[in-house]
Amino acid sequence: MNTEITAAGANAARNKKKMDDLAVVLCALTVVGVSATAATPFWPEAWGRAPSIGVVVLAAGLAVFVAVHTAYWWRSLDEAAKEAHKWAWWWGGNLGLVGGGAAVVVAALAGVNLLPAAVPPTDAALIALGVAAVFVAQAAGYGIAWCAWWIARR
């Protein structure tokens with residue numbers, strides 16, 4: 001029993017050290033992202049003005065940071081918490097996808113203008129709105145399902 005506690009404490013310390021190292025790397029990427037102002041090379045003109053290379057480096061670094069941090073977080077969860085998240089993403093995410101997608105289709109067919117007044121109703125804006133609406137619906141469904149899972153197993 002003591003061996004398990006000691007091993008768990010050592011694993012927690014290693015994970016904290018790794019998270020601290022990741023935070024330092026993210027801070028360094030933030031400095032690069034703010035200070036590097038050169039335009040991104042090889043940017044297609046059809047996409048508009050090129051962002052600075054610093055923003056691209058920061059975005060890529062942030063994506064890697066989030067992925068690695070999520071992997072460490074997932075490994076630190078116990079079996080019940082993992083099962084709650086998996087169940088909630090499956091049921092809540094799917095029902096949110098169906099509900100959110102149906103709401104966007106019904107609104108579009110009814111002629112409701114879902115875009116803010118400042119945004120012109122281009123195809124790209126409408127696609128972005130649909131993606132964002134479905135993502136929000138999935139996240140809301142996940143949250144509701146996650147709460148329901150824990151309430152049912154109290």
Evaluate region 108-116: report whether one residue or more is β-branched (Val, Ile, Thr) and open to solvent by 90 Å² or more (accessible area, probe 1.4 Å).
-> no
Selection count, region 100-154, where residues are polar (S, T, N, Q) and in a helix (DSSP H, G or I) | 1
Output the number of the condition that residue 136 fails; it satisfies all remaining conditions of (1) of a type in the set (A, V, I, L, M); (2) open to solvent by less than 60 Å² (accessible area, probe 1.4 Å); (3) touching a residue at least 24 places away in the same chain (Cβ under 8 Å).
-> (2)
Tabulated pairs, region 26-41, first closer than 17 Å to residue 69 by Cα, second open to solvent by 60 Å² or more (accessible area, probe 1.4 Å), C-beta under 8 angstrom, 6+ apart or interchain = 26/62; 29/62
Report whether or not residue 76 is within 30 Å of residue 26 (Cβ to Cβ), in contact (Cβ under 8 Å) with a residue 12 or more places away in the chain and open to solvent by 60 Å² or more (accessible area, probe 1.4 Å).
-> yes
How many residues, within region 42-59, are in a helix (DSSP H, G or I) and charged (D, E, K, R)?
-> 1
Any hit, region 43-65, residues being under 27 Å from residue 124 (Cβ atoms) and touching a Lys or Arg at 6+ places or on another chain (Cβ under 9 Å) | yes
Filtering region 96-107 for residues that are touching a residue at least 12 places away in the same chain (Cβ under 8 Å) and either of a type in the set (Gly, Ala, Ser) or more than 19 Å from residue 86 (Cα to Cα) (or both) leaves a count of 6
Selection status of residue 112, of a type in the set (Val, Ile, Thr) and in contact (Cβ under 8 Å) with a residue 12 or more places away in the chain = no
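The values are calculated or read from the model by the stated rules, or taken from the named source; none is laboratory data. Since the model is a prediction, treat every value here as computed from it, not as a measurement. Ideal geometry is used to build each Cβ from the backbone, glycine not excepted, and the neighbour counts take in all protein chains shown. All accessible areas refer to the heavy atoms of the entire protein, side chains included, with ligands and DNA or RNA removed. Shrake-Rupley method; radii C 1.70, N 1.55, O 1.52, S 1.80 Å.
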